[in-house]
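Taken together, the values in this text are just the output of simple stated rules run on the coordinates, not laboratory data. Since the structure is predicted, the reported quantities are computational estimates derived from the model, not experimental observations. Every residue, glycine as well, gets a Cβ built from its backbone with ideal geometry; the counts of neighbours run over all protein chains shown.
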Amino acid sequence: MESLSTIIVEHAERVGLIKLNRPEAYNALSRTLIKELLQALKLFESDPSIGVIVLTGGDKKGFCAGADIKEQSELSFVNAYNQDYLKDLNDGFFAIHKPIIGVVNGIALGGGCELAMMCDILYASETAKFGQPEITLGTIPGAGGTQRLIRAIGKSKAMHMILTGETISAKQAEAAGLVAKVLPAEQVLVVAMETATKIASFSAPVLAMAKEAVNEAEELGLKNGLHFESRLYHATFGLEDHAEGFQAFLAKPKRAAQWA
Ligand code: CAA
């Protein structure tokens, strides 16, 4: 990967870690940051030694303050319409089959809250705050907020956040179902990395199928969703990892499965 100016990429065992790194602008989503983030996601997606991706904001300035307001202030309607670069961000996340854990360690505002919601599992620090303040700028969420927030926390709470621009705390986000776990700031990334390591120890193709089936629940009605799940469930019976998982469970004594 070429040299990076807005993110830091690391890996630990089978976990790929991406840290947003524009502290001077609260990790706002500049075009460069989006380009580098998408490159890093693609790189981890194509690397068989990586099983899970963790996305966080670094220690200093929280997770992300949303679209880069300075860049956006220069865009006309036609430029915004033609560039459509937030669609690239959504499309980039849709293309990732590996699980992505988002670690929100401070503010996640506007496109930052939307970026968090593109992840599959969210952990938050006790100091985290989530909000869609676009209304205060004379615009609306443009990277999925009006669609994903309602699915995550329900219409009334989503409408409240989007129409008032008010933030919710990590605890409120957890109670509403947006966040899976809230932890002290100094522990949240450590625990998320442990969870990522655990998830990455399972069969990679089975993880991808589980992620795809869960995501389809948002696209399909129940009947079609159950049908889709059955197709993938049956497909797992064709995997070597399926045979291995079942044999390892039935072995006497029971043994740990060795995934392909
Ligand atoms: N874009 C660009 N720069 C940003 C930024 C953003 N979203 N958020 C903060 N910054 C910059 C500030 O301009 C400032 O830069 P300078 O030092 O050069 O002046 C620097 O970060 C520090 O910001 P503050 O002085 O405001 O710091 P603070 O600690 O008082 O407040 C904050 C921090 C609460 C994050 C506040 O900066 C803020 O409210 N930021 C904007 C959040 C927002 O409205 N996000 C929505 C953007 S629109 C969007 O995201 C659309 C979409 O759906 C995709």
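Pairs LYS35/LYS70; LYS171/LYS223; LYS70/LYS157; LYS35/LYS155: which exceed 24 Å Cα-Cα? In this structure, LYS171/LYS223; LYS70/LYS157; LYS35/LYS155 lie more than 24 Å apart at Cα. When restricted to Cα atoms, the chain yields an Rg and a Dmax of 19.2, 68 Å, respectively.
Listed by chain and number, the lysines whose alpha-carbon sits under 29 Å from that of LYS252, ignoring those within fewer than 8 places in the same chain, are LYS198. The three principal axes of the C-alpha atoms in segment 204-250 carry coordinate ranges of 36, 17, 15 Å, sorted with the longest axis first.
Per residue Cα convex hull volume for segment 113-260, in cubic angstrom?
Details: hull volume 20.6 nm³, N = 148.
So the per-residue Cα hull volume is 139 Å³.
A crude spin-label estimate for the pair GLU212 and ALA95, with each label 7 Å from Cα along the Cβ direction, gives 1.7 nm. Rank LEU75, VAL54, LEU20 by how far each Cα sits towards the positive end of the charge dipole of the chain (+1 on Lys, Arg Cβ; -1 on Asp, Glu Cβ) and give me just the farthest. Value computed over the given set: VAL54.
Averaging the Cα positions of each part gives two centres, and for segment 153-167 and segment 109-140 these lie 11 Å apart. Pairs exceeding 22 Å between alpha-carbon atoms, taken from LYS181/LYS254; LYS61/LYS129; LYS61/LYS211; LYS42/LYS98; LYS42/LYS181: LYS181/LYS254; LYS61/LYS211; LYS42/LYS181.
Just the number, please: percent antiparallel of the DSSP beta bridges in segment 2-201, rounded to the nearest 5. Mind dumping the intermediate values first?
Numbers: 8 of 29 bridges.
If I count the DSSP bridges inside segment 2-201, around 30 percent turn out antiparallel.
For the pair MET159 and GLU10, label points projected 7 Å from Cα toward Cβ lie 4.4 nm apart. For segment 17-119, trypsin sites (Lys or Arg not before Pro) meeting the loop criterion (DSSP other than H, G, I, E, B) and having at most 15 other Cβ atoms within 10 Å: LYS60. About the centre of its Cα atoms, the chain shows a dipole size close to 600 debye [charges on the beta carbon of Lys, Arg (+1) and Asp, Glu (-1) only; nearest 20 debye].
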